[in-house]
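Undergrad: Supplied in structure tokens, the structure appears directly below.
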Amino acid sequence: MSERHRILLVLNGAGLLISSVVIGWFYMFMLLGQIVLWPVIPPIDVQVPGEARAWNMAHLEGITNGLMLIGFAAIAPLLALTQRQFLWFFWTALITAWLFTLPAFANALAGTRGLAFGGGPFPGGWVNNVIYVSGWPPVIAVHITFALLAWGAWQKLRQSAA
């Protein structure tokens, strides 16, 4: 993987960690029912929609996926992949990370789960359906990413044994 692609993975990882911080503020304000930044700003009552479980998940998705991308950048030299495979690995990793994190944020805001078209046993509606459909690219991408990760490590192991 080129140094440029590794740096882009780190930058995207940092972007996801920053998004997690922003989501964390929403989460805290939802739990408290007010913006509390004393002594800078006096408490301001707010009603952030959603439930704690959804906000926790959205917050942790950003952390997990951001660290995953940074980890991929760090271990890239330990993978023996062709240039084309590295490009697939790079793009599917980005798709996986961002498109699992952003819909989790949207689910928290909308009070949906996005797990089934129409909602299944959870609240439905058009927002749920858009989130559900947006979930297919990362579901496919994560399988490609992890298959390439395992394949690249296996190939590197085989090369090192020779």
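The values are calculated or read from the model by the stated rules, or taken from the named source; none is laboratory data. In this text the structure is predicted, and so the values were computed from the model without any measurement. Please note: Cβ atoms are built from the backbone with ideal geometry, for glycine as well, and neighbour counts cover all protein chains shown.
Undergrad: Being over 13 Å from the mean Cα position of the chain (by Cα), within 17 Å of Gly13 (Cα to Cα) and either hydrophobic (A, V, I, L, M, F, W, C) or part of a helix (DSSP H, G or I) (or both) narrows it down to one residue among Thr96, Thr145, Thr101, Thr64; which is it?
TA: Thr145
Undergrad: Hey, could you check region 104-141 for residues that are aliphatic (A, V, I, L, M) and in a loop (DSSP other than H, G, I, E, B) and say which is farthest from the chain's Cα centre (by Cα)?
TA: Per the stated criteria, the residue is Ala116.
Undergrad: Evaluate the following for Ile35: is it more than 20 Å from Gly66 (Cβ to Cβ), surrounded by 13 or more Cβ atoms within 10 Å (Cβ to Cβ), aliphatic (A, V, I, L, M) and more than 21 Å from the chain's Cα centre (by Cα)?
TA: yes
Undergrad: Another one. Considering only residues of region 116-157 that are touching a residue at least 40 places away in the same chain (Cβ under 8 Å) and not hydrophobic (A, V, I, L, M, F, W, C), which is nearest to Glu51 (Cα to Cα)?
TA: Restricting to residues being touching a residue at least 40 places away in the same chain (Cβ under 8 Å) and not hydrophobic (A, V, I, L, M, F, W, C), the top hit is Pro138.
Undergrad: List every residue pair whose Cβ atoms lie under 8 Å apart, where the two residues are 6 or more positions apart in sequence or sit on different chains, the first residue falls within region 19-42 and is polar (S, T, N, Q), and the second residue, located anywhere, is exposed (fewer than 12 other Cβ atoms within 10 Å of the Cβ).
TA: From residues that are polar (S, T, N, Q), the pairs are Gln34/Ile44; Gln34/Asp45.
Undergrad: Oh, and also: Assess whether Ser134 counts as being in contact with a Leu (Cβ under 7 Å, 6 or more places away or on another chain), at pLDDT below 95 and polar (S, T, N, Q).
TA: It is true that Ser134 is in contact with a Leu (Cβ under 7 Å, 6 or more places away or on another chain), at pLDDT below 95 and polar (S, T, N, Q).
Undergrad: Cβ contacts < 6 Å: first residue of a type in the set (A, V, I, L, M), restricted to region 90-104; second residue surrounded by fewer than 22 Cβ atoms within 10 Å (Cβ to Cβ), any location; separation 6+ or different chain. Result?
TA: Qualifying pairs under 6 Å: Leu94/Asn12; Ile95/Pro137; Ile95/Ala141; Leu99/Pro137; Ala104/Met57.
Undergrad: Considering only residues that are at negative phi and surrounded by fewer than 16 Cβ atoms within 10 Å (Cβ to Cβ), look in region 112-123 and name the one that is modelled with the lowest pLDDT.
TA: Checked region 112-123; the qualifying residue modelled with the lowest pLDDT is Pro123.
Undergrad: While we're looking at this one, here's another question. What's the number of the condition Pro77 fails, among (1) of a type outside the set (A, V, I, L, M, F, W, C); (2) surrounded by fewer than 20 Cβ atoms within 10 Å (Cβ to Cβ); (3) part of a loop (DSSP other than H, G, I, E, B); (4) touching a helix residue (DSSP H, G or I) at 6+ places or on another chain (Cβ under 9 Å)?
TA: (3) is the only condition that Pro77 fails.
Undergrad: Return yes when Val10 is surrounded by fewer than 13 Cβ atoms within 10 Å (Cβ to Cβ) and not acidic (Asp, Glu) and no when it is not.
TA: Considered against the rule, which asks whether it is surrounded by fewer than 13 Cβ atoms within 10 Å (Cβ to Cβ) and not acidic (Asp, Glu), Val10 comes out as no.
Undergrad: Given the criteria without any contact (Cβ under 8 Å) to a residue 60 or more places away in the chain, surrounded by fewer than 19 Cβ atoms within 10 Å (Cβ to Cβ), closer than 25 Å to Val139 by Cβ and not acidic (Asp, Glu), does Gly62 qualify?
TA: No, not satisfied.
Undergrad: Here are some residues: Leu99, Leu81, Leu109, Leu157. Which one is at pLDDT below 95 and not small (Gly, Ala, Ser)?
TA: None of the other options fit; the residue is Leu109.
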